[in-house]
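To keep things clear, I will list the structure first and then write my remarks on it.
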Amino acid sequence: MSGNDRDFAPLTAICVRNLNDKLYEKRKMGALEVERMVRDFSSSGQTVQIQRILKVLGEDLALSHNPNSRKGGVIGLAATAIALGKESTNYVGELVKPVLDSFTDQDSRVRYYACEALYNISKVCRGFVLPYFNEIFDGLSKLSSDTDQNVKNGTELLDRLIKDIVTESSAFDLRAFIPILREKLYVKEQYPRQFIVSWIAVLDAVPDINMLVLLPEILHGLFEILGDSNTEISKMCQDVLQEFLNSIKKTRTGVNYEGMANILITHSLSDNALIQYTAICWLQEFVAQAGRTMLQYTSGIIDAVLPCLATEGHISRSVSEAAKHLNLALLNLICEEDDLPTPTLGSPVNSIPDSPSSQEHKPDNTSTASSTIRLNIANVISVLCRMIQHQSLRTRIAALEWLSHLLLKVPNKTFQHVDRFFPVLLATLSDTSTEVVLLDLETLAEISSNPAGHFVHTDQNQVSKGEQTTKEEKPSKSGLNRFFTKFMKALLDLFKKDQNLLEPEERGYFIIRQLSQLLNAVDVFQSFSKILVEEVDVNFACKMVQSLNTILLTSTELFDMRNQLKSLSTQESCVLFCCLYQSWCHSPVATVSLCYLSQNYRHACDLLLSFGDLEVTVDFLKEIDKLVQLIESPIFAYLRLQLLDVHNNQELIKSLYGLLMLLPQSEAFKLLRYRLDCIPHYQLATISEKHRGKNLQDQRPLVSKINFPDLLRHFQKVQEKHREARHKMAFRGRMIHTK
C-alpha cells in the first residue's frame, strides 16, 4: 500500500480518486463505495474503521484546497450517514460539523452539495441533529439569500425538513435558540427576514412550544420587520403578530405585559402607519387584559397615543381610531383609588427586557401588583403639559380632557403639581381654537372651585424630605379657592397685553361669558372689580370696565346677576353693587348704566350733574350713544315703563334729560328725545324733599344704607386720576412732537 493509500485508509485509492474527481458521476461512484464499506464495518462492529472514514471525509477531503475534493467529502459524509442508518446517531458531530463548515464555501457547487448532504444526514438522524440546531439555523439563514438559485433551492428543501424535525421533537431547546433568533431579527436583507418570520410562525404553531413566554425577546424585531418595504414580508409578519395577539386574548395568563409595554410604546411613535396601528392595537388589548397593571405606563402611552388622535400629516384614519379607543380605555382605568397615598414599597423595580430602541419609557411605578399600583401623576402631567401645546387640535383637546379627568378622579394628587400646569392652561386661553379655549376654561374653572384647592400644595420635587408640603386654606363662602384669584389676575393680564380681545366680537367676551356660566357670575365680576380698583393703567381699566358693563347688560349668562342688581333686596346684592361701583368709576357712562340697572336714579342724576366737570371726548360721547341704544333694548324695559309714573321717578327723568343735554344733535339725541316726548304731561320741577321721599331707592331698606356721597367722592377721585393720565399722555405727545 502506498503512502497515499495509508493516509486515506481504510478508503481505497480508487475510492479516494473517485471522490476527488471533477465529474459528478465519478464522485457518486466513490460515495457508493464509501456507503458499501461503512455498511460492512457497521455490521461487523468495526467502529474504529468508521471513525477513520469520517476523519478522512471530514478533515482531509472536506477541508481540502481542491473544490472537487470538498464536494467529494460532503457527498461521502452523506453516504456514510445513509449506510449507518440508526447507528448514525452515534456519529452526529462527525457527520454534521464538516458539512456546516461547507455552508460558507466560496464555490457555489460545494454549498449546494453541503445542503444536499445535511438533508440526507438529517433525514437519517432526525431529532439527534437538534443539538446543532443553532449552527444549522445560522447557516440556513445566510444561504437563504444565496446568489445561486440551485443553492437557494437546496436550502429551502433542507429548511422544510428541519422544520418538520423541530415540530415533531419534544427536545427542542427554545431558550437556547432565542439569542440567535433575536439577533437574526435585525437583518435588513429580504430573504433572511422572510426566513426568520417563517420560522417564528412554525414555532408558534407547535403545541408544545409556548412562544408567548419569550415574546418580549423578539417583539421589537418583529415590529422592525413589519415595516419592511416588501409587502409579502410585511404581510407575513403582520399575520404572525396577529396570531400572537390572538393567543394573548385566549391565554390571559402568563403573559409578560410589563416586558412588552415599552416596546409597544416605542413603536406607537413610528412614522410607519402599519407599525403604529399594530402597536396601538396591542396596547389596547394589553389595557383590556392587564387592567391596572398598565397604569404604570400611562405617561408613556399618552405621550405616544395623543399625537395619533390627529388625522392630519402621516396619521391614517385607522391609526386615529385605534388611538381614540386606547385613550378612552386608559382613561377608564383611573379611579378614586389612585388618589390614595402611595404605599411605601420595598420591592425592587421589575426588570424590563432591553430594547434595541434608544427611546424607552420608564414605568410610572415600582410595583407590578395591581393592588398596589398607583398612577404617577407627576409623569403624566409632564406629558400633558407638552401635549396641551401640541400643533394638532385633537391632541390639545385630548390633553385638556385628560387633565379634567385627573382633577375629577385624583384631585388631591393632581393639585400637588398645579403650579406646573396652571401657567400652561393660562397660556392656552390664547389658543386659536374656540373648542380648546372652552375646554381650557372648564379646566380652569374646575381648578378654581375644586375642594382640593383649599390646600396650598407645593411640588414635591421642590421640597426636602420631611418638609411640610401642604397648608390648609380657609374656604371662601362660594367654595372658590386661591387659584380663582390667580386665574382672574392672569386673565386680566392677558387682556391687558392684547386689548383687541376686548372688542365686542372677540375672544375676551366669549371667555368672560363662559366663565360666568361655569362659575358664579357674581364671583367673577366681583373679583375683576377688586383687581381693577388697584389697576395702575387707568386707560386699560376704563376699557375693561366698559367691556364688563356691556357683557353685564347684554349677556343671557348674566340674567340672574342683573336681577340681583335690579332689586338690591339682599345684603349680598348691595355689597355686589358697591363692589362693582368701585371699579365702574373708571368709565363715567358705565357707572351711570350701573345706577340705571340697580334703579339708583337719584345717584345717576347726581353723577350726570358732575359730568360738566369732565372732559367730553369723542369716545365719551360714543359711550353715551351706546347707553341710549341700551335704554331702548329689552334689558331696560322696566326703566321705560317707570317713566309712566312721573310723580315718583323725577330723578330718572331728570337724569335722562341730563344725557340728552350731553349729546350733540345726533341720531342718539333724536332717539332719546323721542323717548322723553312719550312721557305723559311731564314738567320738570324742582325736586323737593317731599318728592324725594317717594322715590323707589328710598323705599328699599338696604339701599338706604348705602353711602352714596362716599361713592360719588370715589367717582370723582377716579376721574381725577383719568384726567391726570390724559394730561401726562398729552405732555409726552408734545415732547415727542418738539423733538
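What to note about this one:
- Residue count for segment 708-739 satisfying the condition of being at pLDDT below 65 and either under 30 Å from TYR638 (Cα atoms) or not polar (S, T, N, Q) (or both): 7.
Condition check ((1) surrounded by 13 or more Cβ atoms within 10 Å (Cβ to Cβ); (2) at pLDDT 95 or above; (3) of a type in the set (S, T, N, Q)) across all residues:
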{"residue": "GLY3", "(1), (2), (3)": "no, no, no"}
{"residue": "ALA9", "(1), (2), (3)": "yes, no, no"}
{"residue": "CYS15", "(1), (2), (3)": "yes, yes, no"}
{"residue": "TYR24", "(1), (2), (3)": "yes, no, no"}
{"residue": "ARG39", "(1), (2), (3)": "yes, yes, no"}
{"residue": "LEU57", "(1), (2), (3)": "yes, yes, no"}
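- Pairs with Cβ under 6 Å, 6+ apart, first in segment 716-739 and more than 10 Å from HIS586 (Cα to Cα), second open to solvent by less than 100 Å² (accessible area, probe 1.4 Å) and at pLDDT 65 or above: ALA725/VAL538
- Filtered by the rule that a residue be within 20 Å of ALA452 (Cα to Cα) and either open to solvent by less than 10 Å² (accessible area, probe 1.4 Å) or within 9 Å of the chain's Cα centre (by Cα) (or both), segment 385-409 gives LEU400, TRP402, LEU403, LEU406, LEU407.
- Where LYS235 falls short, out of the listed (1) basic (Lys, Arg); (2) under 24 Å from VAL197 (Cβ atoms); (3) touching a helix residue (DSSP H, G or I) at 6+ places or on another chain (Cβ under 9 Å); (4) without any contact (Cβ under 8 Å) to a residue 40 or more places away in the chain: (3)
- Extreme residue, nearest to ILE53 (Cα to Cα), among residues of segment 98-121 that are of a type in the set (S, T, N, Q) and open to solvent by 50 Å² or more (accessible area, probe 1.4 Å): THR104
- Neighbours by Cβ (under 8 Å, 6+ apart or cross-chain): first from segment 172-183, open to solvent by less than 70 Å² (accessible area, probe 1.4 Å); second charged (D, E, K, R): ILE178/GLU217; ILE180/ASP138; LEU181/GLU217
- Condition check for GLU156: under 20 Å from ILE209 (Cα atoms) and out of contact with any helix residue (DSSP H, G or I) (no Cβ under 7 Å at 6 or more places or on another chain): no
- Tallying residues that are within 14 Å of the chain's Cα centre (by Cα) and more than 22 Å from CYS237 (Cβ to Cβ) within segment 260-294 yields 0.
- Filtered residues of segment 626-648 (kept if open to solvent by less than 50 Å² (accessible area, probe 1.4 Å) and at pLDDT 90 or above): LEU627, VAL628, LEU630, ILE631, SER633, ILE635, PHE636, ALA637, TYR638, LEU639, GLN642, LEU643
- Candidate set from segment 78-134 (those that are of a type in the set (Val, Ile, Thr) and in contact with an Asp or Glu (Cβ under 9 Å, 6 or more places away or on another chain)); member that is nearest to VAL166 (Cα to Cα): VAL96
- SER567 passes every criterion in (1) within 22 Å of GLU503 (Cβ to Cβ); (2) modelled with pLDDT under 95 apart from (1).
- Contacts under 8 angstrom Cβ, first residue in segment 122-133 being open to solvent by less than 70 Å² (accessible area, probe 1.4 Å), partner aromatic (Phe, Trp, Tyr), 6 or more apart: LEU130/PHE172; PHE133/PHE172; PHE133/PHE177
- GLY259 being assigned to a helix (DSSP H, G or I), of a type outside the set (A, V, I, L, M, F, W, C) and modelled with pLDDT of 95 or more: no
- In segment 442-477, the qualifying residues are those that are assigned to a helix (DSSP H, G or I) and either modelled with pLDDT of 90 or more or touching a Cys at 6+ places or on another chain (Cβ under 8 Å) (or both), and the one that is surrounded by the fewest Cβ atoms within 10 Å (Cβ to Cβ) is GLU442.
- Criterion: in a helix (DSSP H, G or I), aromatic (Phe, Trp, Tyr) and open to solvent by 50 Å² or more (accessible area, probe 1.4 Å) - qualifying residue of PHE484, PHE495, PHE525, PHE510: PHE510
- Residues in segment 410-441 that are open to solvent by less than 70 Å² (accessible area, probe 1.4 Å) and among the β-branched types (Val, Ile, Thr): VAL410, THR414, VAL418, VAL424, THR428, VAL436, VAL437.
- Flag if SER145 is more than 23 Å from ASP208 (Cα to Cα), open to solvent by less than 30 Å² (accessible area, probe 1.4 Å) and touching a Pro at 6+ places or on another chain (Cβ under 7 Å): no
- Restricting LYS705, LYS694 to residues that are open to solvent by 40 Å² or more (accessible area, probe 1.4 Å), under 24 Å from SER569 (Cα atoms) and modelled with pLDDT of 85 or more narrows the list to LYS705.
- Filtering segment 553-588 to residues that are open to solvent by less than 70 Å² (accessible area, probe 1.4 Å), assigned to a loop (DSSP other than H, G, I, E, B) and not β-branched (Val, Ile, Thr) leaves SER555, LEU568, CYS585, HIS586, SER587.
- Entry remark, segment 112-160: residues being under 49 Å from the mean Cα position of the chain (by Cα) and not in a helix (DSSP H, G or I) number 4 in total.
- Members of segment 589-633 found to be in contact (Cβ under 8 Å) with a residue 12 or more places away in the chain and assigned to a loop (DSSP other than H, G, I, E, B), listed by number: SER598, GLN599, ASN600, LEU614, GLU615, VAL616, GLU632, SER633
- Check on THR266, within 20 Å of ALA290 (Cα to Cα) and exposed (fewer than 15 other Cβ atoms within 10 Å of the Cβ): no
- Among residues of segment 649-680 being of a type in the set (Lys, Arg) and out of contact with any Cys (no Cβ under 6 Å at 6 or more places or on another chain), the one that is surrounded by the most Cβ atoms within 10 Å (Cβ to Cβ) is ARG675.
- Applying the criterion of being surrounded by 15 or more Cβ atoms within 10 Å (Cβ to Cβ) and among the charged types (D, E, K, R) to the residues of segment 184-201, the residue that is farthest from CYS125 (Cα to Cα) is ARG193.
The values are calculated or read from the model by the stated rules, or taken from the named source; none is laboratory data. It should be emphasised that the depicted structure is a prediction, and the values quoted were computed from it without experimental measurement. Glycine also receives a Cβ, built like all others from the backbone with ideal geometry; neighbour counts cover every protein chain displayed. Heads up: the accessible areas ignore ligands, DNA and RNA and are worked out on the full protein's heavy atoms, side chains in. Shrake-Rupley method; radii C 1.70, N 1.55, O 1.52, S 1.80 Å.
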